[in-house]
Amino acid sequence: MRALCLLVASFLAPLAASSPARTHPRLQAAPVDTSSAPRIEADRYATEFGTIFRGELLNTKFTIYNHGQSDLTIQKITNSCQCTASSFTIDGKTWIEAELRDATQLGVLSPGEEALLEVKMRTAIATTPGKDAAISKAIRIYSNDPNRRVMNLELNATMISPFTIEPTTIDFGVVHKGTRAKRSAVIWSDTLGDFPITGATSPSPEFVTVTATRVATDPGVPPTWRIDAELAPTTPIGDVISHVDLVLDHARVKEIQLQVHYAVESNVVFIDNKPDHGELLDFEVMTAGTAKTIELTVENGDASVPYLLRSAALSNCRPTSTGFVCEVIEVERGMKYVVKVTAPGTLGKTSYFQGDLVLTADHPDVPLRKVRYRGWYKQGSP
């Protein structure tokens, strides 16, 4: 009997090994017939620019085809970088970059028809200023091709900076409102030869003005330019990262972009007991049973715009504001105040407390200010 079982098993084994796995008929996916579907193709899928200079303006074209058997609808086209701009011609209409950003239905290609995609890349803003890098930017074309809903096209290059900028960023740092500030940078190149700068602009000329001046150099010294930027007193409060654009009259390099940074603050300053931690009233570790007072000084540096403190109160207090005392001392009306916050000797079983000191005032820039406070209780001596 055992011999018979072994004989049957040896007979069935090859059949089991060669039989494909079976799926329940109701669970099998029906084959998709795409023979009559549209099919998007391109004359190529990447443009290789090789080694380029930062500041070159690159141009390329792609031809888009419908190699399918039914109408191909081009829905939208997007770029992976703001340095890249496209225009697309289909059905006799040309869509420019500004129109492509919001369009969701660009046109239809019948079987065998084609469209033209033109792409421009501003290498001056393609990567971090001053950095040599391999760059790869993508253009994505969305369509109703069931097998390729998104077709990717690439722009590839190895970019080097043929000029030197010192410093690499025009940084005004922290400037109080109403202050006129100036900063400069120097640009030179021992690679480009002569590179006349014919224009210098900023995106916000009402706040940042910029000029370019040729620097006289000794023989043998590379061509050099000085870039001067000035921050207007009317620049609004805020921390801004921007840029300035330089236009060049050069065979290859057409533009240079410099980063600009400035932080404009109000003339009203809030001085706490932890200047290195932002605005913070830090009671640190307190001895349980002993009250403690911390002072916040408010100083106004612009007498023409008075800071009139109206109230000082505690908010978002945890666990409670009970026992805390706020006192406002007017040192000079509109110019200087001292706000004293006293924490009680204990808050019961709670060891940690925190909240906000809220100041309201008549002032165009800082009508409301919140300064955080915190502290700990410790039994016995700290």
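Label residue 304 and residue 97 with points 7 Å out from Cα along Cα→Cβ: what is the distance between them in nm?
It works out to 4.0 nm between the two label points.
Taking 0.36 nm per intervening residue step and subtracting the Cα-Cα distance, what contour gain separates residue 274 from residue 70 on full extension?
66.4 nm
If amide hydrogens are placed 1.01 Å from N in the peptide plane, which non-local residues have theirs closer than 5 Å to the one on residue 54?
When sequence neighbours closer than 5 places are left aside, the close amide H contacts are 160, 161.
I need the phi-derived Karplus couplings for segment 65-82: 6.51 cos²θ - 1.76 cosθ + 1.60, θ = phi - 60°, integer Hz, Gly and Pro marked x.
Result, rounded to whole Hz: 10, 10, 9, x, 10, 9, 4, 9, 9, 8, 8, 7, 9, 10, 10, 7, 8, 5.
Roughly what % of Cα-Cα distances in segment 94-150 sit above 19 Å, to the whole percent?
Cα-Cα pairs in segment 94-150 separated by more than 19 Å: 48 percent.
Give me the percent of accessible area attributable to carbon and sulfur for the chain, probe 1.4 angstrom.
Summing carbon and sulfur atoms, their accessible area is 52 percent of the total for the chain.
Assuming a ≥ b ≥ c are the square roots of the Cα gyration tensor eigenvalues, decide whether segment 112-269 counts as rounded (a/c under 1.5), prolate (otherwise, with a/b larger than b/c) or oblate.
oblate
Compute the acute angle (0 to 90°) between the alpha-carbon long axis of helix 2-18 and the principal axis of greatest extent of the alpha-carbon atoms of the chain; round to the nearest 10°.
80 degrees
Test of understanding: express the Cα radius of gyration of the chain as a ratio to 2.2 N^0.38 Å, with N the residue count.
1.63
Can you pull the three principal axis extents for the Cα set of segment 125-190, in Å, largest first?
Cα spread of segment 125-190 along its principal axes, largest to smallest: 60, 38, 11 Å.
Hey, what D do you get for segment 45-88 in µm²/s if you plug the Kirkwood alpha-carbon radius into Stokes-Einstein at 25 °C and 0.890 mPa s?
180 µm²/s
DSSP loop (so not H, G, I, E, B), at most 10 other Cβ within 10 Å: list which trypsin sites (Lys or Arg not before Pro) in segment 279-382 pass both filters.
349
Could you compute the FRET efficiency for residue 113 and residue 136, with r as their C-beta to C-beta distance and R0 at 25 Å, rounded to 0.05?
0.25
Counting helices only, and only those DSSP H runs with n ≥ 4, report the 222 nm mean residue ellipticity of the chain as the sum of -39,500 (n - 2.57) divided by its residues, in deg cm²/dmol to the nearest 500.
Value at 222 nm, helices only: -1500 deg cm²/dmol.
The values are calculated or read from the model by the stated rules, or taken from the named source; none is laboratory data. The structure presented is a predicted model; accordingly, all values stated were derived computationally and were not measured. Glycine gets a Cβ as well: all are built from the backbone with ideal geometry, and neighbour counts include every protein chain shown. What goes into the accessible areas is simple: the full protein's heavy atoms, side chains included, and nothing from ligands, DNA or RNA. Shrake-Rupley method; radii C 1.70, N 1.55, O 1.52, S 1.80 Å.
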